[in-house]
Amino acid sequence: MIKVAKLKVLDGHRLHATFSDGTMGEYHFSAALTETGPMIEPLRDPAYFARVFLEDGAPTWPNGYDMAPEWLHREIEAAGGLVRNAAA
């Protein structure tokens, strides 16, 4: 099971994730922010978005919104942004 081992918030609602399998990449969250609802709306605020933390290897926000690490891995890979970490 792939988990996010390290997470960094970048400007423009982007996340840089390092995964437990030694791969890493960036995910741009803009498409998800076009959705509506009480879980997504707070994430539009860059300060709130930056409050992301890892819970059991999943990016999670204080309101309980989270992203499945396997889904995030597939999305970054599908966009061609997944690379092997040279330090791994």
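The values are calculated or read from the model by the stated rules, or taken from the named source; none is laboratory data. Only a predicted model underlies this, so the values are computations on that prediction, with no experimental measurement involved. Positions of Cβ are backbone-derived with ideal geometry, glycine not excepted, and every protein chain shown enters the neighbour counts.
A few notes on this one:
- Whichever residue in the stretch 60-88 is over 18 Å from Arg14 (Cβ atoms) and not in a loop (DSSP other than H, G, I, E, B) and, among such residues, is modelled with the lowest pLDDT: Arg84
- Leading residue by the ranking (surrounded by the fewest Cβ atoms within 10 Å (Cβ to Cβ)) among those in the stretch 43-78 that are aliphatic (A, V, I, L, M) and without any contact (Cβ under 8 Å) to a residue 24 or more places away in the chain: Ala47
- Candidate set: the stretch 1-37, residues that are exposed (fewer than 15 other Cβ atoms within 10 Å of the Cβ), touching a strand residue (DSSP E or B) at 6+ places or on another chain (Cβ under 9 Å) and assigned to a loop (DSSP other than H, G, I, E, B); chosen: the one modelled with the highest pLDDT: Gly22
- Residue match in the stretch 38-59 (condition: on the phi > 0 side of the Ramachandran plot and modelled with pLDDT under 95): no
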